[in-house]
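For reference, the structure is listed below as structure tokens.
The values are calculated or read from the model by the stated rules, or taken from the named source; none is laboratory data. Since the model is a prediction, treat every value here as computed from it, not as a measurement. As a convention, Cβ positions derive from the backbone with ideal geometry for all residues, glycine included, and neighbour counts pool all protein chains shown.
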Amino acid sequence: MEYRVEKWNSQTMTTMEKLGILADAAKYDVSCTSSGVDRKGDGTGIGNTAAGGICHSFSADGRCISLLKVLLTNECIYDCKYCLNRRSNDVPRAAFSPEELCELTMQFYRRNYIEGLFLSSGILGSPDLTMEMLYRTVLLLRTRHRFQGYIHVKAIPGASKELVYRTGLLADRMSVNLELPTAEGLKRLAPNKPRKNILTPMRLIQNGITENQNEIVRYRNAPRFVPAGQSTQMIIGATPETDYQIMTVAEKLYQNFGLKRVFYSAFIQVNEDKELPALPGGPPLLREHRLYQADFLLRFYGFEAGELLSEQKPNFNMLLDPKCDWALRHLELFPVEINRADYELLLRIPGIGVKSAQRIVRARRNASLTFENLKKIGVVLKRALYFITCNGRMMYPTKLDEDYITRNLLNVKEKLPFPTDGMTYRQLSLFDDKNFYEDAELHSWKAAERDEGKAAEAGKRQQQTVLEGVWRDAGEMLVV
Ligand code: SF4
């Protein structure tokens, strides 16, 4: 270990250069929650979500916190086909020493840029060596620097149980990326990461959390083990699994490993490889969005994967959200009387979320609810109106017919978390925005040039027409 750290410490790169490389290399990991924010400061106020390597996450009490999202190193001994940092790619490499990364985190924290750290890494030398360096970084932060902010660390598949456990005693959250939904997919695209090596640390963290919860009951001051729980990430669209397979895997992860979140990351083609699919339409963002919607239905709405999809209908409808799609296939359950339906059934009505359902249950104790009341409560009536009655009456005379409701629901504009103009969403960084904006500028400049060209052409044509007209008139005058 010393040899490798020495080697990297002796590099001539500045911390800023390393940060540029390693924050950029971390941006494809979405398992730290909302990393897709792209609002830029407009110069009239204060704040900018685009700072290099800083992403946002949500703490257990719902606060939005900024994290320094960075890799310890983008050096890697593995060759996962979908990964930019794979061994066979010729990309600039860098590594922080644990001391250097601690210093950087503390400096950022003191300047109020961040409230925590999201730390991941490529595999440097061996899984144990990498895990040891991650552990050392977190240990130094917690002990030498007495850092009490939020820390999310990756557990490295194949690393020793002891190291993972010790890291868990210092971190707030840990995650092990499942990478691909099935073992076959992993074998094809990440042959160095057998599924067993991923599930073992996941199980270890789960057991650690359960034991710790029991310990805390007995000894109030017992050290906490991964108090914010564990999460994972799956890449969507790199292998041919259906949505049904993906949702079934996610459901099993929630049930059997007690995960807090499963993140779905639309496959982005960063490498040319015959094993990777060509995605001419860009990353499957709409599919990713549908999977997130379905994931919420599993976690908060009491749905099961088998209710949303099946072997016969293995993929989500891209035009409708999974809840509307489910409701349309179960019209026999509707319309539901809002003043009598139980909480579980209310949750299944399109346009009614968890908060609205709770408010309905509370409010109807005092008086029977009308459509006006539902609107005030926060029910999205333009979706719900086909599926509910208030005091036995529908909002408008409506046919309970699948085609009719589908047509009307398609007219309700859905708010998507990404633009529909073909631009994919991404985590911005201080370091590559210059190129991005240069590209964008070049693009708009070329477009302007094209438009100018077209305008000039049109101008010439118009001039020609006018001239022809003049000549024709002149000719006619001469003939006359
Ligand atoms: S182990 Fe991680 S960093 Fe290394 S190639 Fe695979 S995905 Fe990339």
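Applying the condition of being without any contact (Cβ under 8 Å) to a residue 60 or more places away in the chain and surrounded by 12 or more Cβ atoms within 10 Å (Cβ to Cβ) to region 402-416 and asking which residue is nearest to Leu333 (Cα to Cα) yields Tyr404. So which residues in region 296-316 are charged (D, E, K, R), in contact with a Phe, Trp or Tyr (Cβ under 8 Å, 6 or more places away or on another chain) and closer than 13 Å to Ile246 by Cα? Answer for region 296-316, where residues must be charged (D, E, K, R), in contact with a Phe, Trp or Tyr (Cβ under 8 Å, 6 or more places away or on another chain) and closer than 13 Å to Ile246 by Cα: just Glu311. For region 220-244, filtering for residues that are surrounded by fewer than 19 Cβ atoms within 10 Å (Cβ to Cβ) and not hydrophobic (A, V, I, L, M, F, W, C) leaves 8. With respect to being crowded, with 19+ Cβ neighbours inside 10 Å and more than 13 Å from the chain's Cα centre (by Cα), Leu259 fits the description. Residues considered: Tyr165, Tyr109. Of these, the only one that is modelled with pLDDT of 95 or more, part of a helix (DSSP H, G or I) and away from the ligand (no atom under 16 Å from the Cβ) is Tyr165.
Please verify whether Ser121 is within 16 Å of the ligand (Cβ to nearest atom), at pLDDT below 95, closer than 29 Å to Lys274 by Cβ and among the hydroxyl-bearing types (Ser, Thr, Tyr), treating the condition exactly as stated. Explain how you work it out, then say what you get.
Working: within 16 Å of the ligand (Cβ to nearest atom): yes; at pLDDT below 95: no; closer than 29 Å to Lys274 by Cβ: yes; among the hydroxyl-bearing types (Ser, Thr, Tyr): yes.
When the stated conditions are applied, Ser121 does not pass them.
Considering each residue of region 169-188, count those that are without any contact (Cβ under 8 Å) to a residue 24 or more places away in the chain and away from the ligand (no atom under 13 Å from the Cβ), and give that number. If you could, list the steps in order and put the result at the bottom.
The first filter runs over region 169-188 and keeps only residues without any contact (Cβ under 8 Å) to a residue 24 or more places away in the chain, leaving 183, 186-187.
Remaining after also requiring away from the ligand (no atom under 13 Å from the Cβ): 183, 187.
Number of matching residues: 2.
Scanning region 118-157 for residues that are outside any strand (DSSP E or B), closer than 20 Å to Ala228 by Cα, touching a Cys at 6+ places or on another chain (Cβ under 7 Å) and not aliphatic (A, V, I, L, M) returns a single hit, Thr137.
If I ask for residues that are among the aliphatic types (A, V, I, L, M), out of contact with any His (no Cβ under 8 Å at 6 or more places or on another chain) and away from the ligand (no atom under 13 Å from the Cβ), which ones from region 60-103 would you list? Don't jump to the end; show me each part of the working.
Quick first cut of region 60-103, residues among the aliphatic types (A, V, I, L, M) only: 60, 65, 67-68, 70-72, 77, 84, 91, 94-95, 101.
Filter again for out of contact with any His (no Cβ under 8 Å at 6 or more places or on another chain), leaving 60, 68, 70-72, 77, 84, 91, 94-95, 101.
Once the filter is applied, which keeps residues that are among the aliphatic types (A, V, I, L, M), out of contact with any His (no Cβ under 8 Å at 6 or more places or on another chain) and away from the ligand (no atom under 13 Å from the Cβ), region 60-103 yields Ala60, Leu68, Val70, Ala94, Leu101.
Taking first residues from region 81-99 that are at negative phi and partners that are within 11 Å of the ligand (Cβ to nearest atom) and of a type in the set (Gly, Ala, Ser), the Cβ contacts under 6 Å between residues at least 6 apart in sequence or on separate chains come to Asn85/Ala25; Asn85/Gly122.
Return the only residue of Leu291, Leu276, Leu285, Leu297 being within 17 Å of Ile352 (Cα to Cα) and either assigned by TED's automatic domain parsing to the domain that holds Leu189 or surrounded by 14 or more Cβ atoms within 10 Å (Cβ to Cβ) (or both). Spell out how you get there, then give the answer.
Details: Leu291 fails: within 17 Å of Ile352 (Cα to Cα); Leu276 fails: within 17 Å of Ile352 (Cα to Cα); Leu285 fails: within 17 Å of Ile352 (Cα to Cα).
Unique residue meeting the criteria: Leu297.
Restricted to region 292-309, and to residues there that are acidic (Asp, Glu) and outside any loop (DSSP other than H, G, I, E, B), the residue that is nearest to Leu345 (Cα to Cα) is Glu307. The set of residues in region 111-157 that are basic (Lys, Arg), over 26 Å from the mean Cα position of the chain (by Cα) and surrounded by 19 or more Cβ atoms within 10 Å (Cβ to Cβ) contains only Arg136.
When Val217 is tested against (1) within 16 Å of the ligand (Cβ to nearest atom); (2) aliphatic (A, V, I, L, M); (3) surrounded by fewer than 15 Cβ atoms within 10 Å (Cβ to Cβ), just one condition goes unmet, and that condition is (1).
The single residue among Gly378, Gly351 that is small (Gly, Ala, Ser) and within 22 Å of Gly306 (Cα to Cα) turns out to be Gly351.
Here Pro191 fulfils each of the conditions (1) more than 16 Å from the ligand (Cβ to nearest atom); (2) modelled with pLDDT under 95; (3) over 26 Å from Leu101 (Cβ atoms) apart from (1). Only one entry of Ala228, Ala159, Ala155 meets the criterion of being among the aliphatic types (A, V, I, L, M) and either out of contact with any Asp or Glu (no Cβ under 7 Å at 6 or more places or on another chain) or not assigned by TED's automatic domain parsing to the domain that holds Phe267 (or both), and that entry is Ala155.
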